[in-house]
Amino acid sequence: MDILLPDDSVFPDKTPAPVRPVIEESWHNALRHEFNAPYFAELKKFLVDEKKKHIVFPPGNLIFNAFNLTPLQKVKVVILGQDPYHGPGQAHGLCFSVPNGVAVPPSLRNIYTELKNDLQLCIPSHGYLEKWANEGVLLLNATLTVRMSQAGSHQGKGWERFTDAAIKAVSNERQGVVFLLWGNYAIAKEALIDTSKHLVLKAPHPSPLSASRGFLGCRHFSKTNNYLLQNGHQAVDWQIE
């Protein structure tokens, strides 16, 4: 696994020169300083060593999936998660999303329930959210990799600094974006966002442990579309077929 090479091969322990990351061009331009920073080299080394001993999700070619599907200049909504799913076959680089054929996780089931109640949408039979990413919804986890069966195992290794830079890039370079911050971890990221030019909507996490404390009934999806329309963007078609 490797996050930088298109053939998903493993870096040697010592790389003589920086490698052009395989990430969509507008994101590469916005985040090039992060890729060249010392912490990112340490993160890369950690991932290479980790892969030698453990199974890591998602596959290397999907680590930057959120960025590749939603170029910076097309971002109009940001949904922030914390970690990728850590079960086999679940993580594919989009927060809250799972590939077709994988059971819909409980938090996503609650997101679907809120969509039905808010916008009268049909609840899908699957959890594949690529349509949202193609609509301009950046589905970003704060940590982009995880060890199998060990939630939080790649926190504090450098990913948070990288994804914080991505949030700042959206805040600085875009106008009228809606940031959906669900749960205390995501809400803490509000400090990175210029709230004078963007809308921040906050609620408890959609997890079954907290959804009933304010996520269900938050109406974030209709509020998002109303704001987008008022600020010259197209509304998001939230219906997953």
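The values are calculated or read from the model by the stated rules, or taken from the named source; none is laboratory data. All of these numbers come straight from a predicted model, not from anything done at the bench. For neighbour counting, all protein chains shown are included, and Cβ atoms are generated from backbone atoms with ideal geometry for every residue, glycine included. These accessible areas exclude ligands, DNA and RNA; they are computed on the full protein's heavy atoms, side chains included. Shrake-Rupley method; radii C 1.70, N 1.55, O 1.52, S 1.80 Å.
Considering only residues in the stretch 198-215 that are touching a Phe, Trp or Tyr at 6+ places or on another chain (Cβ under 8 Å) and in a loop (DSSP other than H, G, I, E, B), the one that is surrounded by the most Cβ atoms within 10 Å (Cβ to Cβ) turns out to be 206. For the stretch 85-92, the criterion of a residue being modelled with pLDDT of 95 or more, surrounded by fewer than 22 Cβ atoms within 10 Å (Cβ to Cβ) and part of a helix (DSSP H, G or I) is satisfied by no position. Residue-level check: of (1) more than 14 Å from the chain's Cα centre (by Cα); (2) part of a helix (DSSP H, G or I); (3) among the hydrophobic types (A, V, I, L, M, F, W, C), residue 218 misses just (2). Here residue 46 passes the criteria (1) at pLDDT 95 or above; (2) within 27 Å of residue 193 (Cα to Cα) except the one numbered (2). Only one of the listed residues (143, 163) is farther than 19 Å from residue 28 by Cβ and modelled with pLDDT of 95 or more. That residue is 143. In the stretch 136-162, the residues that are of a type in the set (Ser, Thr, Tyr) reach residues that are part of a loop (DSSP other than H, G, I, E, B) and open to solvent by 50 Å² or more (accessible area, probe 1.4 Å) with C-beta atoms within less than 7 angstrom, at least six apart or across chains, in these pairs: 143/82; 143/155; 149/86.
Yes or no, residue by residue, for (1) among the hydrophobic types (A, V, I, L, M, F, W, C); (2) open to solvent by 10 Å² or more (accessible area, probe 1.4 Å):
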{"site": "142", "(1), (2)": "yes, no"}
{"site": "146", "(1), (2)": "yes, no"}
{"site": "157", "(1), (2)": "no, yes"}
{"site": "165", "(1), (2)": "yes, yes"}
{"site": "180", "(1), (2)": "yes, no"}
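Note on the stretch 106-195: enclosed helices (runs of 4 or more DSSP H) holding 3 or more residues that are closer than 25 Å to residue 55 by Cβ, touching a Ser or Thr at 6+ places or on another chain (Cβ under 8 Å) and not aromatic (Phe, Trp, Tyr) are 106-119. Among the residues making up the stretch 33-52, those that are assigned to a helix (DSSP H, G or I) and of a type in the set (A, V, I, L, M, F, W, C) are 35, 40, 41, 43, 46, 47, 48.
Limited to the stretch 217-230, what total is found for residues that are open to solvent by 70 Å² or more (accessible area, probe 1.4 Å) and not basic (Lys, Arg)?
Residues flagged as open to solvent by 70 Å² or more (accessible area, probe 1.4 Å) and not basic (Lys, Arg) within the stretch 217-230 amount to 3.
For first residues located in the stretch 31-58 and over 18 Å from residue 151 (Cα atoms), partners that are among the small types (Gly, Ala, Ser) and lie 6+ apart or on another chain with Cβ distances below 6 Å form the pairs 31/165; 34/165; 39/158.
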